[in-house]
Structure formats: structure tokens, C-alpha cells
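Novice: My questions will all concern the structure given below.
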Amino acid sequence: MPDYYRTLYRLTRPLLFRLDPERAHDRALGGLQRFRHLVPRQVVSAPVEVMGLTFTNPVGLAAGMDKNGDYLDGLGRLGFGFIELGTVTPRPQPGNPKPRLFRLPEAQALINRMGFNNRGMAYLLAQVARRRYAGIVGINIGKQATTPLDHAVDDYLSGLEQAYPLADYVTINISSPNTQGLRELQQQHALAGLLRPLKEAQTRLSDQYGRYVPLVVKVAPDLDAAAIDGIAGVLLAENMDGLIATNTTASRVGVTRLPHATQTGGLSGAPLTEQATAVVARFRQRLDGQLPIIASGGVMSAADAVAKYQAGAQLVQLYTGLVYHGPALVREVAMALQTTPAASIPTAST
Ligand SMILES: Cc1cc2nc3c(=O)[nH]c(=O)nc-3n(C[C@H](O)[C@H](O)[C@H](O)COP(=O)(O)O)c2cc1C
């Protein structure tokens, strides 16, 4: 079975890499969705329980690959234990002008400035409602580009209220570098002001629907130790259910001389691996095992995923690794994590 996906990837990659990256994305995922009944299902059963949810395995698809839920069943064939849809905003929006996605193959990296292009919450929910995929579905919510930062909470509240009945968990994305000012919401005071009303809404919705949907916060990798400590304190104080570390980086370390390195946007893939793992490790110390961590950022191999586990993650997510290594990576990572013991909680240091 992994051979099937290795061969499929080896045959299709040269064709896809000849296309503009965004077109290649649409073709590959469109094909997968359309022909999903013809491709074998990759299965790795390695159940884990996190945030009160049972994941068939700890390997997820990171947000941004399926922003609208268009490819959910096709992606489900690849064996993910969970799939995070979005980022979705309350209303549809076009995102930034194209081109807005760039490959840096020499570094196994991407730069994107998509800007939350999506078809809006109502469309996404219709896709989720008719899915066959039986795994965990997260819905990642953001704010409209036109909403001023001091009204951001209105968009997140609207997103949470609408997504609640159909989501297994909801991610609050405050770390995209491509929506002006968004990352400022990570500052301690702003973060508490955003998360408190969301937590209140979650409590109310949980009573209303008789079901508790965990709230997860997704952060950037470009945080110093003091910023991480501040965020960790707010997450604990506001009783969040989980953390995703990390989104793409504003840094260009390791790619400076490569074509496209000067493009505006977030960098993902291999150059991000160590930086994102270090952020996981610091959060692990500060959260003291009280909040689960979902690791995202440069998981390009089974060894990278094992390193995230050892740094303190309970689940991992893939995006750029799929572009450079294909769907066989899902199974390889899930198999490797099956035999990796979770990290012990390190004692806090400064
Ligand atoms: C083209 C592209 C679009 C993305 N869109 C989103 C998004 O809408 N919301 C989000 O939270 N993260 C988004 N991400 C970030 C990924 O979810 C992931 O956190 C990041 O790329 C690091 O993981 P990776 O190195 O495995 O790609 C996007 C990444 C890429 C490459």
C-alpha cells in the first residue's frame, strides 16, 4: 500500500512541479477527490486520546491545504487521524492577488501569502455535513481581512458559533503572517481579551448542543522565550483545550540565496523544522503537561515527527512534507510514532 502511494507520487510529481504551485495544488487535490474510490485507503490504526477525542492515529493534515472542505473525503483516503479545514472566515473572501504561493525545492520549502482565500463558513459547513470521512475534523477560524483588529473578536465569535455543531475541535488562528496585524493578537493582553469571550461562548454552546468542542490556539514560531511564557500563562488562565505550534515563519534563515526567498509571506517546510520544535519544547515546559500540544512545522520525515513527540507534542500535522514527499509520509510518520514513547514533562528552567 505505501508502495502504491510512493509510485503515484513519483509518477505525478514531475508533472505537478512543472505547473504553477497553486494550480498544481488544485489539480492534485481535485484529482484525489474525484478518483477517491479508485485509490486504496491507507490505514494506520494507532489510537490516541487527546482533548477528550479519540484519534485513529496522531497524524493530521495542517490547516490551509483544504480551506473549504472540498477535498475532505479524498484526503481521508490518505490515512490521516485528523484533518483541519480552513482557515475559514465568516464570509467568502478572495485572498491576495496571484501569484501567492512559491516553491523553494532546493530547501524543501514553500513561501505563501494566500491571505485566507476561502468561500466562507456556510460553504465549508455544507461540505462537512455531507462528508464520508469518519476521522476527526477540526475547523480553523480567522478574521475577515476587512475587519479592524479591535473588532476581530466578532469574527471569531461568529466563526465559533457557526462551526460548533459540526466541528470536533475549533482552532483560533492568530498566527498567519498574511492578514495585517493578526499576529498582534498573540500579545498577552490582546490574547486574554480575545480568548475570554470565546471561552464563554464555548461554555454556552456546550450547554446548548450538549457536546463539548475543544478550543485550540495556533501560534507563530517567531516568538521569543518571554512571549512564549506570556502566551502559555494566558492559555492556562483562560482554560484553553490545546495549542498548535506552529504556523509558518517570517524568517528566511536557511533560504536567503534561493529563488523566491525574497517573496513576502510565511515560510514552511524543512527550514522551519528546528525552530518549530524548539517552540514546542518551550511551551511544553511552561504548560507543564496541562495542555496538549499539536506540533506543526517542517515535519518532512518520520524522524522529524519523532523529534516533535520527544519535545512534548501529542499530535503532529503535515503540510509542506506532503508536497515534497507525497502521501506515503502519512503512514511512515504514523508508524514511527506508534513506537515512540511520549516525552516526560521536563522541569521548568529559564
Ligand atoms: C499554502 C499554505 C497555506 C496555508 N494556510 C493556512 C491557513 O489558512 N491557516 C493556518 O492556520 N495555517 C495555514 N498554513 C500553515 C500550515 O498549516 C502549517 O502550520 C505550516 O505550513 C507549517 O507546517 P509545514 O512546515 O508542515 O508546512 C498554510 C501553509 C501553506 C504552505
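What follows is calculated from the coordinates using simple rules that are stated; it is not laboratory data. The structure displayed is predicted, hence computed values, not measured ones. Cβ atoms come from the backbone with ideal geometry, glycine included; neighbour counts cover every protein chain shown.
Novice: Please identify, among Thr12, Thr320, Thr248, the residue showing maximal mean-square fluctuation in a Gaussian network model of the chain using a 10 angstrom Cα cutoff.
Specialist: Looking only at Thr12, Thr320, Thr248, the largest GNM fluctuation is found for Thr12.
Novice: Among Arg18, Arg282, Arg34, which one shows the biggest mean-square fluctuation in a GNM of the chain, springs joining Cα atoms closer than 10 Å?
Specialist: Among Arg18, Arg282, Arg34, the largest mean-square fluctuation in the Gaussian network model of the chain belongs to Arg18.
Novice: Once every DSSP H run of n ≥ 4 in the chain is given -39500 (n - 2.57) and the sum is divided by its residues, what mean residue ellipticity at 222 nm do you get, rounded to the nearest 500 deg cm²/dmol?
Specialist: -12000 deg cm²/dmol
Novice: For the chain, set up a Gaussian network in which alpha carbons nearer than 10 Å are linked by springs, and say which option among Pro14, Pro99, Pro177 fluctuates the most.
Specialist: Among Pro14, Pro99, Pro177, the largest GNM mean-square fluctuation belongs to Pro14.
Novice: Something else about it: Can you give the FRET efficiency for Gln338 and Lys98, using 1/(1 + (r/R0)^6), R0 = 41 Å, r = Cβ-Cβ distance, to the nearest 0.05?
Specialist: For R0 = 41 Å, the calculated efficiency reads 0.55.
Novice: Report the relative contact order of the chain, percent, no decimals, based on alpha-carbon pairs under 8 angstrom and at least 6 residues apart.
Specialist: 17 percent
Novice: If you plug each phi of the range 243-260 into the Karplus form 6.51 cos²θ - 1.76 cosθ + 1.60 with θ = phi - 60°, what whole-Hz ³J(HN,Hα) values come out, in order, with x for Gly and Pro?
Specialist: Karplus-based 3J(HN,Hα) across the range 243-260 equals 9, 10, 10, 8, 7, 6, 9, 7, 6, 10, 4, x, 10, 3, 8, 7, x, 6 Hz.
Novice: A follow-up question, please. Which value, in Å to one decimal place, does the Kirkwood hydrodynamic radius take for the chain when every pair of different Cα atoms is included? Could you put the intermediate results ahead of the total?
Specialist: Numbers: mean 1/r = 0.0500 Å⁻¹.
Radius from the Kirkwood sum: 20.0 Å.
Novice: For the range 21-77 and the range 121-162, compute the distance between their C-alpha centroids and round to whole Å.
Specialist: 18 Å
Novice: Something else now. Quick one: what are the phi-derived ³J(HN,Hα) couplings along the range 16-29, Karplus 6.51/-1.76/1.60 with θ = phi - 60°, whole Hz, x for glycine and proline?
Specialist: 5, 6, 7, 8, 4, x, 6, 5, 4, 4, 5, 5, 5, 6
Novice: Within the range 66-94, list the residues whose amide N lies under 19 Å from a label point set 7 Å along Cα→Cβ of Ser45.
Specialist: 76-82
Novice: Let me ask something else. Could you check the spin-label model distance between Thr54 and Thr203? Points 7 Å from the Cα along Cα→Cβ, value in nm.
Specialist: Inter-label distance under the simple model: 3.0 nm.
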